[in-house]
């Protein structure tokens with residue numbers, strides 16, 4: 001059971017993503033803003049975090065920056081940005097501070113997100129397996 | 001050699017003067033010749049008159065003597081004759097009494113003995129009679145010819161005397177006796193005095209030895225001078241003909257005289273006419289003086305005329321010159337008319353009318369300039385004129401207002417010193433700007449350039465440039481600045497609004513799509529077909545709303561120049577395949593045939609595969625949307641020269657011609673003739689065109705009503721150096737991969 005943290009300020013979107021990941025077999029926890037997400041990361045080790053950018057109290061990008069300053073294992077948790085901002089400079093900035101994926105919410109269906117996360121884990125495990133063999 | 005008019009005139013007049021002097025001198029010399037010969041003639045004539053007087057004097061004496069001889073013959077030799085001895089005595093005494101110059105008359109035998117002798121007192125007594133010497137003259141007379149003795153002087157009387165010997169012939173022509181008559185030559189003086197000339201000329205007589213025997217001054221004769229030393233007398237005595245030369249000498253009173261002489265035939269005496277030279281040549285002197293005076297007078301006159309004329313001429317010319325110079329310096333109102341009455345006046349008239357025309361032309365030019373100035377200053381757009389060196393020559397009020405600079409401070413300065421243009425943040429010198437390609441200038445004109453003045457105030461201006469041509473050469477340019485700052489601000493606000501609205505719309509839209517898809521996934525089993533269709537429609541509508549929002553955002557970003565295109569060397573085969581494959585299902589459901597024609601290999605292009613995919617997706621989606629059932633759509637990709645060409649051809653109804661040109665303009669949709677009405681936002685083709693142009697490619701459409709439409713775009717093929725450059729400059733973002741629209745992941 002993969003443990004996922006969904007940091008999203010919009011109630012409905014939080015609800016949709018919680019439902020779809022629950023039905024996809026994930027353990028889902030939610031945070032309502034960046035600060036909330038950072039608090040949660042400090043007590044629980046998640047397998048992946050979905051982080052919105054535009055959130056009150058602390059933006060997703062600031063939260064990601066703070067996260068990468070923490071100690072492992074919290075520091076190494078994969079982070080996917082889920083946002084409606086599509087500007088290249090924002091995407092570039094997100095990559096620089098260490099995100100693993102960038103999803104523009106309005107352009108994908110919830111199922112596509114789940115598929116993408118599944119693929120991410122599959123690829124990761126395949127790579128790990130290959131590393132073990134070699 | 002440069003000569004003033006005055007000098008030329010003076011030289012001309014001097015030449016004239018020299019010529020006239022020469023002519024005068026020549027004519028004077030002819031006149032002098034003539035007058036001299038006239039004087040000579042006159043003097044000769046006078047001398048001849050003198051000679052004539054002497055001849056007639058002797059003729060008279062001879063006649064007397066011949067009479068006495070006849071009486072002597074009749075009374076003495078031929079006693080039988082009519083006259084008696086007493087008659088002879090009477091006649092002889094009578095002769096002496098009546099002719100005071102006859103002093104003595106004696107009757108001689110051939111042996112020289114005096115037979116009878118008479119003087120003023122009557123008959124001389126017999127005892128006082130003596131013998132005559134056998135002089136040549138007596139001998140001549142004894143031989144039968146009248147002879148005259150040499151001139152001699154008596155003791156008692158001072159004057160010269162002569163004796164005349166006359167033969168007395170018998171009837172058989174035999175000389176019987178000789179009459180000797182003593183004559184006082186005093187009488188000659190009286191005779192020659194009568195022919196005294198009016199010009200103080202007078203006649204004197206010298207004998208064959210040159211002794212003076214008759215002169216108007218008795219006293220002088222008494223002095224008994226011998227004048228043979230005078231060249232004239234010497235010449236005349238030795239020559240038989242009168243000398244043609246005029247002789248001059250100083251006479252006894254030391255007066256310079258001119259004289260002519262004539263030899264009296266028979267007695268070889270000389271009659272001289274002498275005249276004071278001054279008197280004789282009076283006329284000549286007068287004429288000479290006249291010539292000289294007229295010469296000097298005319299010289300002065302000519303000189304004066306020349307000076308006056310040259311002064312007159314040069315004064316007029318100088319005046320004209322001064323006026324012309326003044327006019328040359330721009331004082332067109334300078335009076336120029338000259339009242340000289342000659343060609344210069346005419347010239348000044350011509351000048352005046354020329355200047356008048358200039359004035360008129362200048363006035364009309366000034367008026368025109370003034371009008372243009374007003375026009376220029378009243379324009380609300382800033383107008384700036386540049387010369388060929390990009391220096392400012394015109395700067396109107398609007399330009400002053402726009403830049404905050406005053407025209408007087410900037411005229412003559414280089415445009416780049418005064419005005420700074422920025423394209424984004426980059427400084428664009430005007431010279432560079434004006435040399436840009438037409439297409440770029442058109443865009444810059446539309447978007448505007450940022451312009452900052454010295455105070456750092458920024459404005460956005462749309463620039464229009466027009467070349468100033470003079471004789472087919474560009475000598476400058478006129479730039480018009482249209483202040484579009486407010487327009488730009490408005491545009492910014494619009495874009496801000498669109499961005500914000502789109503973003504705000506995305507969140508609820510995401511929720512709608514999310515729930516719709518959850519519904520579709522989880523409740524599918526419990527729904528019947530109509531329920532499933534309802535959900536499907538919900539999903540599709542929310543998808544198209546999402547597309548609309550995405551397109552709006554894209555347009556806003558394109559307009560702000562922040563629409564990102566990340567070109568890299570790429571083979572578009574997969575991209576094209578994926579797009580076509582993704583739409584095949586839609587085509588099938590619409591019962592349309594979607595075909596892809598691809599060669600084995602496509603050339604590598606520098607492109608953003610995702611963006612190009614968006615363009616292709618848009619083109620195929622359009623084809624699907626605007627064709628009827630059963631239509632076929634063909635997608636072709638191929639290499640054309642150094643371009644990759646991709647086209648989408650459909651068998652639809654085509655696009656009306658009038659619409660084609662507006663097809664790529666944002667918010668434009670083909671309406672009217674389309675039966676199924678208009679779909680979409682009118683943004684797709686605008687975005688597609690922008691994307692292709694960002695790739696330095698081209699997109700266009702060919703269409704025939706009723707037959708179909710072909711949309712084509714071309715992208716430049718990457719050059720080997722582009723590819724190698726790109727590999728060297730790989731950046732962090734190259735580590736990203738777009739797996740599908742909306743999802744970007746880090747390369748693992």
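No lab work stands behind these numbers, since they all come straight from the coordinates. This structure is a prediction, so every number in the text was calculated from the model and none was measured. Cβ coordinates were reconstructed from backbone atoms using ideal geometry, including for glycine residues, and neighbour counts include every protein chain displayed.
Across all directions, the average flat footprint of the convex hull enclosing the Cα atoms of the range B:237-288 is 4.4 nm².
Sorted largest first, the principal axis extents computed over the alpha-carbon atoms of the range B:1-133 equal 112, 29, 26 Å. The modelled label-to-label distance for the pair residue B:14/residue B:625, using points 7 Å beyond Cα in the direction of Cβ, is 10.7 nm.
Considering only alpha-carbon pairs that sit under 8 angstrom and 6 or more positions apart, the relative contact order computed for the range A:1-64 is 41 percent. Here is the size of the range B:64-221 from its Cα atoms: Rg then Dmax, 17.1, 58 Å. Estimated from the Cβ-Cβ distance and a Förster radius of 30 angstrom, the FRET efficiency linking residue B:38 and residue B:301 is about 0.45. The length gained on full extension between residue B:209 and residue B:378, counted as 0.36 nm times the residue separation minus their Cα-Cα distance, comes to 47.9 nm. Spacing of the modelled spin labels on residue B:347 and residue B:311, each 7 Å from Cα toward Cβ, amounts to 2.0 nm. Our estimate of slack between residue B:524 and residue B:63, defined as 0.36 nm per intervening residue step minus the Cα-Cα distance, is 145.4 nm. Per-residue extension of 0.36 nm, minus the Cα-Cα distance of residue B:357 and residue B:70, leaves a gain of 91.4 nm for this segment. Once you reduce the range B:479-496 and the range B:408-436 to the center of their Cα atoms, the two points are 20 Å from each other.
Give the shape of chain B as rounded, prolate or oblate, defined through the alpha-carbon gyration tensor: a ≥ b ≥ c are the square roots of its eigenvalues, a/c under 1.5 means rounded, and otherwise the shape is prolate if a/b is larger than b/c and oblate if not. Prolate is the answer for chain B, as a/c is 1.5 or above and a/b outweighs b/c. Over the range B:446-555, Cα pairs under 8 Å with separation of 6+ residues give a relative contact order of 19 percent. State whether the range B:63-147 is rounded, prolate or oblate according to the following rule on the C-alpha gyration tensor (a ≥ b ≥ c being the square roots of its eigenvalues): a/c under 1.5 gives rounded; otherwise a/b larger than b/c gives prolate, and the remaining case gives oblate. Cα axes put the range B:63-147 in the rounded bin. Judged by the mean number of other Cβ atoms found within 10 Å, the most tightly packed of the peptides B:408-415, A:58-65 leads the ranking A:58-65, B:408-415.
Note on residue B:700 and residue B:662: with the Förster distance fixed at 22 Å, the Cβ-Cβ geometry gives a FRET efficiency of about 0.95. I'd like the orientation of helix B:85-98 relative to chain B: the angle between its Cα long axis and the longest Cα principal axis, in ° from 0 to 90, rounded to 10. Its long axis makes an angle of about 30 degrees.
Compactness ratio for the range B:578-632: Cα radius of gyration over 2.2 N^0.38 Å (N = residue count) comes to 1.25. For the protein assembly as shown, the Kirkwood estimate of hydrodynamic radius, built from reciprocal distances between every pair of different alpha carbons, is 43.5 Å.
Computing FRET efficiency as 1/(1 + (r/R0)^6) for residue B:285 and residue B:190, where r is the C-beta to C-beta distance and R0 is 25 Å, gives about 0.15.
Using a ≥ b ≥ c from the Cα gyration tensor of the range B:91-140 (square roots of the eigenvalues), is it rounded, prolate or oblate, where a/c under 1.5 gives rounded and otherwise the larger of a/b and b/c decides, a/b for prolate? In terms of gyration-tensor shape, oblate. When the inverse distances between all different Cα atoms of the range B:481-545 are averaged and flipped, the Kirkwood radius reads 14.5 angstrom. With a cut-off of 12 Å on the backbone N, the residues of the range A:108-134 near the modelled label site 7 Å out from residue A:47 along Cα-Cβ are A:117-125.
For chain A, the mean residue ellipticity at 222 nm estimated from helices alone is -15000 deg cm²/dmol, where every DSSP H run of n ≥ 4 contributes -39500 (n - 2.57) and the total is divided by all residues, rounded to the nearest 500. Quick check: the angle from helix B:5-72's long axis to the longest principal axis of chain B, C-alpha only, nearest 10 degrees? Computed tilt is about 10 degrees. Normalised by the number of residues in chain B, the average gap of Cα pairs under 8 Å and 6 or more apart makes the relative contact order 6 percent. Using the alpha-carbon atoms, what tilt in degrees (0 to 90, nearest 10) does helix B:282-328 show relative to the longest principal axis of chain B? Rounded to the nearest ten degrees, it is 10. With helices as the sole contributors, chain B gives -16000 deg cm²/dmol at 222 nm; each DSSP H run of n ≥ 4 counts as -39500 (n - 2.57), and the sum is divided by every residue. Along its three principal directions, the equivalent ellipsoid of the range B:570-671 from the Cα gyration tensor extends over semi-axes of 23, 18, 12 Å, largest first.
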